[in-house]
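Undergrad: Sharing a structure, written as C-alpha coordinates. Questions coming.
The values are calculated or read from the model by the stated rules, or taken from the named source; none is laboratory data. A quick note: this is a predicted structure, and the numbers were derived from the prediction, not measured. Note that we place each Cβ from the backbone using ideal geometry, even for glycine, and neighbour counts take in every protein chain shown. What goes into the accessible areas is simple: the full protein's heavy atoms, side chains included, and nothing from ligands, DNA or RNA. Shrake-Rupley method; radii C 1.70, N 1.55, O 1.52, S 1.80 Å.
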Amino acid sequence: ECCIWRAYDLNRQRSVLLKAVKSEAPPVFLLERLRHEFEISNQLSHPNILPYLDLLKHHHRVAVIMEDFGGIPMAEAIPEQGFPIGQFLDIALQLSSALAHMHKQNIVHKDFNTQSLLFNPETHQVKVAHFGMASKMTSENPAYLRTLQLGDNLPYIAPEQTGRMNRVVDHRSDLYSLGVTFYELLCGQRPFTTNDPLALLHAHITERPPLLSKIRGDIPHLFDELLAKLMAKQAEER
(Lines give C-alpha, C1' and ligand atoms only; values in the text may rest on other atoms or scores of the structure.)
Protein backbone atom coordinates (compact mmCIF):
# COMPACT_ATOMS: atom_id res chain seq x y z
CA GLU A 1 0.00 0.00 0.00
CA CYS A 2 2.77 2.42 0.96
CA CYS A 3 6.42 2.61 -0.01
CA ILE A 4 9.38 4.20 1.75
CA TRP A 5 12.51 5.58 0.16
CA ARG A 6 15.44 7.74 1.15
CA ALA A 7 15.63 11.29 -0.14
CA TYR A 8 17.79 14.34 0.46
CA ASP A 9 15.96 17.22 2.10
CA LEU A 10 17.47 20.49 0.83
CA ASN A 11 15.76 22.51 3.53
CA ARG A 12 17.08 20.35 6.35
CA GLN A 13 20.37 19.57 4.57
CA ARG A 14 20.20 15.90 5.43
CA SER A 15 18.87 12.54 4.32
CA VAL A 16 15.28 11.71 5.30
CA LEU A 17 12.80 8.90 4.80
CA LEU A 18 9.77 9.61 2.64
CA LYS A 19 6.63 7.48 3.01
CA ALA A 20 3.77 7.71 0.52
CA VAL A 21 1.03 5.62 -1.05
CA LYS A 22 2.17 3.75 -4.17
CA SER A 23 -0.94 4.38 -6.25
CA GLU A 24 -1.30 7.44 -8.47
CA ALA A 25 -4.94 7.67 -7.39
CA PRO A 26 -4.88 6.38 -3.80
CA PRO A 27 -8.10 5.63 -1.92
CA VAL A 28 -9.10 8.19 0.66
CA PHE A 29 -8.69 5.82 3.61
CA LEU A 30 -4.96 5.38 2.85
CA LEU A 31 -4.42 9.13 2.70
CA GLU A 32 -6.26 9.52 6.00
CA ARG A 33 -4.13 6.74 7.50
CA LEU A 34 -0.95 8.68 6.63
CA ARG A 35 -2.37 11.85 8.16
CA HIS A 36 -3.37 9.87 11.24
CA GLU A 37 0.11 8.32 11.46
CA PHE A 38 1.71 11.75 11.40
CA GLU A 39 -0.64 13.09 14.07
CA ILE A 40 -0.06 10.11 16.38
CA SER A 41 3.71 10.29 15.99
CA ASN A 42 3.72 13.95 16.97
CA GLN A 43 2.28 13.05 20.35
CA LEU A 44 5.38 10.95 21.10
CA SER A 45 8.92 11.94 21.98
CA HIS A 46 11.33 9.13 22.83
CA PRO A 47 14.82 8.14 21.63
CA ASN A 48 13.47 4.78 20.42
CA ILE A 49 10.48 6.18 18.53
CA LEU A 50 11.09 7.44 15.00
CA PRO A 51 10.47 11.22 14.69
CA TYR A 52 8.07 12.28 11.95
CA LEU A 53 9.24 15.62 10.61
CA ASP A 54 6.58 16.85 8.22
CA LEU A 55 3.38 16.07 6.32
CA LEU A 56 3.43 16.92 2.62
CA LYS A 57 0.32 17.49 0.52
CA HIS A 58 0.36 17.82 -3.25
CA HIS A 59 -2.92 17.73 -5.17
CA HIS A 60 -4.45 14.38 -4.17
CA ARG A 61 -1.22 12.92 -2.78
CA VAL A 62 0.01 12.83 0.81
CA ALA A 63 3.44 11.86 2.12
CA VAL A 64 5.20 11.95 5.48
CA ILE A 65 8.84 12.84 6.07
CA MET A 66 10.61 10.83 8.76
CA GLU A 67 14.04 10.93 10.34
CA ASP A 68 16.69 8.83 8.64
CA PHE A 69 19.05 7.42 11.29
CA GLY A 70 20.47 4.72 9.03
CA GLY A 71 17.91 2.12 10.01
CA ILE A 72 16.64 -0.84 8.04
CA PRO A 73 13.53 -2.95 8.75
CA MET A 74 14.27 -5.18 11.72
CA ALA A 75 12.95 -8.16 9.74
CA GLU A 76 15.95 -7.79 7.40
CA ALA A 77 18.49 -7.60 10.23
CA ILE A 78 17.64 -10.69 12.28
CA PRO A 79 20.35 -13.39 12.02
CA GLU A 80 19.16 -16.78 10.84
CA GLN A 81 19.60 -18.26 14.32
CA GLY A 82 18.52 -15.12 16.16
CA PHE A 83 20.51 -12.37 17.90
CA PRO A 84 23.13 -13.22 20.54
CA ILE A 85 21.64 -12.99 24.04
CA GLY A 86 23.49 -9.80 24.98
CA GLN A 87 22.48 -7.96 21.83
CA PHE A 88 18.90 -9.18 22.19
CA LEU A 89 18.71 -7.78 25.73
CA ASP A 90 19.91 -4.40 24.50
CA ILE A 91 17.25 -4.37 21.77
CA ALA A 92 14.57 -5.65 24.15
CA LEU A 93 15.23 -2.83 26.63
CA GLN A 94 14.94 -0.23 23.86
CA LEU A 95 11.65 -1.67 22.60
CA SER A 96 10.20 -2.04 26.09
CA SER A 97 11.08 1.56 26.92
CA ALA A 98 9.47 2.82 23.69
CA LEU A 99 6.25 0.86 24.28
CA ALA A 100 6.08 2.02 27.90
CA HIS A 101 6.29 5.63 26.69
CA MET A 102 3.54 5.06 24.13
CA HIS A 103 1.25 3.46 26.67
CA LYS A 104 1.82 6.29 29.15
CA GLN A 105 0.52 8.59 26.43
CA ASN A 106 -2.52 6.30 26.14
CA ILE A 107 -1.48 5.24 22.63
CA VAL A 108 -1.75 1.64 21.46
CA HIS A 109 0.34 0.75 18.40
CA LYS A 110 -1.70 -2.30 17.21
CA ASP A 111 0.77 -3.03 14.37
CA PHE A 112 3.90 -3.88 16.37
CA ASN A 113 6.14 -6.31 14.47
CA THR A 114 9.58 -6.62 12.91
CA GLN A 115 8.46 -4.64 9.85
CA SER A 116 7.38 -1.66 11.97
CA LEU A 117 10.78 -1.46 13.70
CA LEU A 118 13.89 0.14 12.21
CA PHE A 119 17.34 -1.07 13.27
CA ASN A 120 20.71 0.53 12.68
CA PRO A 121 23.19 -2.36 12.21
CA GLU A 122 26.17 -0.19 13.19
CA THR A 123 24.87 1.54 16.33
CA HIS A 124 22.31 -1.19 17.22
CA GLN A 125 19.75 1.53 17.90
CA VAL A 126 16.11 0.55 17.35
CA LYS A 127 13.19 2.89 16.65
CA VAL A 128 9.48 2.13 16.48
CA ALA A 129 7.68 3.49 13.40
CA HIS A 130 4.53 3.04 11.31
CA PHE A 131 1.65 4.32 13.44
CA GLY A 132 -1.07 4.03 10.82
CA MET A 133 -3.13 1.60 12.91
CA ALA A 134 -2.35 3.22 16.27
CA SER A 135 -5.09 4.61 18.49
CA LYS A 136 -5.19 7.05 21.36
CA MET A 137 -7.63 5.35 23.68
CA THR A 138 -8.26 3.52 26.90
CA SER A 139 -9.68 0.47 25.19
CA GLU A 140 -11.38 -0.43 21.95
CA ASN A 141 -14.03 -2.98 21.08
CA PRO A 142 -12.80 -4.46 17.81
CA ALA A 143 -15.22 -4.94 14.97
CA TYR A 144 -14.98 -8.27 13.20
CA LEU A 145 -11.73 -8.17 11.25
CA ARG A 146 -11.50 -9.99 7.97
CA THR A 147 -8.31 -11.96 7.66
CA LEU A 148 -7.30 -10.22 4.44
CA GLN A 149 -7.42 -6.84 6.20
CA LEU A 150 -4.79 -7.95 8.71
CA GLY A 151 -2.18 -8.78 6.07
CA ASP A 152 1.45 -8.87 7.16
CA ASN A 153 0.54 -8.19 10.78
CA LEU A 154 -1.41 -11.45 11.16
CA PRO A 155 1.50 -13.47 12.62
CA TYR A 156 1.86 -10.91 15.43
CA ILE A 157 -1.65 -10.02 16.54
CA ALA A 158 -3.03 -10.71 20.01
CA PRO A 159 -5.97 -13.13 20.31
CA GLU A 160 -8.36 -10.26 21.01
CA GLN A 161 -7.29 -8.53 17.78
CA THR A 162 -8.62 -11.41 15.71
CA GLY A 163 -12.15 -10.12 16.35
CA ARG A 164 -13.24 -13.61 17.42
CA MET A 165 -13.08 -13.26 21.21
CA ASN A 166 -15.36 -10.34 22.11
CA ARG A 167 -12.51 -8.83 24.15
CA VAL A 168 -11.18 -5.27 24.15
CA VAL A 169 -7.99 -4.24 22.39
CA ASP A 170 -5.73 -2.14 24.62
CA HIS A 171 -2.06 -1.76 25.60
CA ARG A 172 -1.90 -5.44 26.56
CA SER A 173 -2.42 -6.33 22.90
CA ASP A 174 0.89 -4.61 22.15
CA LEU A 175 2.52 -6.75 24.85
CA TYR A 176 1.46 -9.90 23.00
CA SER A 177 2.94 -8.53 19.77
CA LEU A 178 6.09 -7.63 21.69
CA GLY A 179 6.32 -11.27 22.83
CA VAL A 180 6.03 -12.55 19.25
CA THR A 181 8.70 -10.03 18.20
CA PHE A 182 11.03 -11.12 21.02
CA TYR A 183 10.55 -14.73 19.96
CA GLU A 184 11.57 -13.90 16.40
CA LEU A 185 14.56 -11.86 17.53
CA LEU A 186 15.81 -14.77 19.62
CA CYS A 187 15.38 -17.70 17.24
CA GLY A 188 15.02 -16.19 13.76
CA GLN A 189 11.46 -17.43 13.29
CA ARG A 190 8.02 -16.57 14.57
CA PRO A 191 6.31 -18.87 17.10
CA PHE A 192 3.58 -19.85 14.62
CA THR A 193 5.05 -20.45 11.17
CA THR A 194 2.05 -21.57 9.14
CA ASN A 195 1.13 -19.54 6.06
CA ASP A 196 -2.55 -20.44 6.37
CA PRO A 197 -4.38 -17.34 7.71
CA LEU A 198 -7.12 -19.34 9.42
CA ALA A 199 -4.56 -21.63 11.03
CA LEU A 200 -2.69 -18.57 12.29
CA LEU A 201 -5.84 -17.15 13.86
CA HIS A 202 -6.52 -20.49 15.53
CA ALA A 203 -2.93 -20.64 16.83
CA HIS A 204 -3.12 -17.18 18.39
CA ILE A 205 -6.32 -18.08 20.19
CA THR A 206 -5.57 -21.65 21.32
CA GLU A 207 -1.97 -22.84 20.80
CA ARG A 208 1.14 -22.46 22.93
CA PRO A 209 4.34 -21.69 21.01
CA PRO A 210 7.31 -24.08 21.21
CA LEU A 211 9.64 -23.28 24.12
CA LEU A 212 12.55 -21.06 23.12
CA SER A 213 14.93 -23.17 25.19
CA LYS A 214 14.02 -26.17 23.03
CA ILE A 215 15.07 -24.28 19.90
CA ARG A 216 18.24 -22.63 21.22
CA GLY A 217 20.31 -24.39 23.84
CA ASP A 218 21.84 -21.16 25.19
CA ILE A 219 18.49 -19.60 26.05
CA PRO A 220 17.74 -19.66 29.79
CA HIS A 221 14.40 -20.99 31.02
CA LEU A 222 13.67 -17.51 32.41
CA PHE A 223 13.14 -16.40 28.81
CA ASP A 224 10.52 -19.13 28.40
CA GLU A 225 8.69 -17.68 31.40
CA LEU A 226 8.95 -14.15 30.04
CA LEU A 227 7.55 -15.13 26.64
CA ALA A 228 4.78 -17.21 28.22
CA LYS A 229 3.66 -14.14 30.17
CA LEU A 230 3.83 -11.76 27.23
CA MET A 231 2.00 -14.20 24.95
CA ALA A 232 -0.65 -15.29 27.42
CA LYS A 233 -3.99 -15.87 25.69
CA GLN A 234 -5.87 -13.82 28.31
CA ALA A 235 -4.87 -10.16 28.34
CA GLU A 236 -5.09 -9.89 32.13
CA GLU A 237 -2.30 -12.49 32.45
CA ARG A 238 0.24 -10.50 30.44
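Undergrad: Being out of contact with any Leu (no Cβ under 6 Å at 6 or more places or on another chain), open to solvent by 20 Å² or more (accessible area, probe 1.4 Å), at pLDDT 95 or above and among the hydroxyl-bearing types (Ser, Thr, Tyr) narrows it down to one residue among 123, 147, 114, 138; which is it?
TA: Only one candidate qualifies: 123.
Undergrad: In region 203-228, what residues are under 13 Å from residue 182 (Cβ atoms) and not aliphatic (A, V, I, L, M)?
TA: Correct list: 209, 216, 223, 224, 225.
Undergrad: Still on this model: Output the number of the condition that residue 61 fails; it satisfies all remaining conditions of (1) surrounded by fewer than 18 Cβ atoms within 10 Å (Cβ to Cβ); (2) under 24 Å from residue 184 (Cβ atoms).
TA: With respect to (1) surrounded by fewer than 18 Cβ atoms within 10 Å (Cβ to Cβ); (2) under 24 Å from residue 184 (Cβ atoms), residue 61 is out only on (2).
Undergrad: Considering each residue of region 192-202, count those that are outside any loop (DSSP other than H, G, I, E, B) and farther than 16 Å from residue 181 by Cα, and give that number.
TA: Residues of region 192-202 that are outside any loop (DSSP other than H, G, I, E, B), as a first pass: 197-202.
Filter again for farther than 16 Å from residue 181 by Cα, leaving 197-199, 201-202.
The total comes to 5.
Undergrad: Between a residue in region 46-66 that is under 15 Å from residue 130 (Cβ atoms) and any residue that is acidic (Asp, Glu) and buried (at least 20 other Cβ atoms within 10 Å of the Cβ), which pairs come within a Cβ distance under 7 Å, given they are 6 or more apart or on different chains?
TA: As it stands, the answer is 64/37, since those pairs meet every condition given.
Undergrad: In the list 98, 129, which residue meets the criterion of being in contact (Cβ under 8 Å) with a residue 60 or more places away in the chain and either among the small types (Gly, Ala, Ser) or buried (at least 20 other Cβ atoms within 10 Å of the Cβ) (or both)?
TA: Just a single option satisfies the conditions, and that option is 129.
Undergrad: Would region 208-220 turn up any residue that is small (Gly, Ala, Ser) and open to solvent by 50 Å² or more (accessible area, probe 1.4 Å)?
TA: yes
Undergrad: Could you please tell me which pairs satisfy a Cβ distance under 6 Å, a separation of 6+ or placement on different chains, a first residue in region 187-205 that is farther than 23 Å from residue 77 by Cβ and in contact (Cβ under 8 Å) with a residue 12 or more places away in the chain, and a second residue that is open to solvent by 50 Å² or more (accessible area, probe 1.4 Å) and hydroxyl-bearing (Ser, Thr, Tyr)?
TA: 200/194
Undergrad: Within region 93-117, track down each residue that is under 19 Å from residue 155 (Cβ atoms) and of a type outside the set (D, E, K, R).
TA: 95, 99, 108, 109, 112, 113, 114, 115, 116, 117
Yes/no per residue for (1) over 13 Å from residue 160 (Cα atoms); (2) assigned to a helix (DSSP H, G or I); (3) not hydroxyl-bearing (Ser, Thr, Tyr):
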residue: 172; (1), (2), (3): no, yes, yes
residue: 175; (1), (2), (3): no, yes, yes
residue: 186; (1), (2), (3): yes, yes, yes
residue: 209; (1), (2), (3): yes, no, yes
residue: 219; (1), (2), (3): yes, no, yes
residue: 224; (1), (2), (3): yes, yes, yes
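Undergrad: Let me ask something additional. Could you please let me know if residue 12 is out of contact with any helix residue (DSSP H, G or I) (no Cβ under 6 Å at 6 or more places or on another chain), within 21 Å of residue 125 (Cβ to Cβ) and among the basic types (Lys, Arg)? Spell out how you get there, then give the answer.
TA: Values: out of contact with any helix residue (DSSP H, G or I) (no Cβ under 6 Å at 6 or more places or on another chain): yes; within 21 Å of residue 125 (Cβ to Cβ): yes; among the basic types (Lys, Arg): yes.
In short, yes.
Undergrad: Does residue 178 satisfy being open to solvent by less than 20 Å² (accessible area, probe 1.4 Å), at pLDDT 95 or above and under 18 Å from residue 110 (Cβ atoms)?
TA: Numbers: open to solvent by less than 20 Å² (accessible area, probe 1.4 Å): yes; at pLDDT 95 or above: yes; under 18 Å from residue 110 (Cβ atoms): yes.
Taking the combined requirement at face value, the residue satisfies it.
Undergrad: Could you tell me which numbered condition residue 216 fails, if it satisfies all but one of (1) over 17 Å from residue 91 (Cβ atoms); (2) in contact (Cβ under 8 Å) with a residue 60 or more places away in the chain; (3) basic (Lys, Arg)?
TA: (1)
Undergrad: Another question about this same structure. Hey, can you tell me all the residues within region 81-91 that are at pLDDT 95 or above and surrounded by fewer than 20 Cβ atoms within 10 Å (Cβ to Cβ)?
TA: Hits for region 81-91 are 84, 85, 86, 87, 88, 89, 90.
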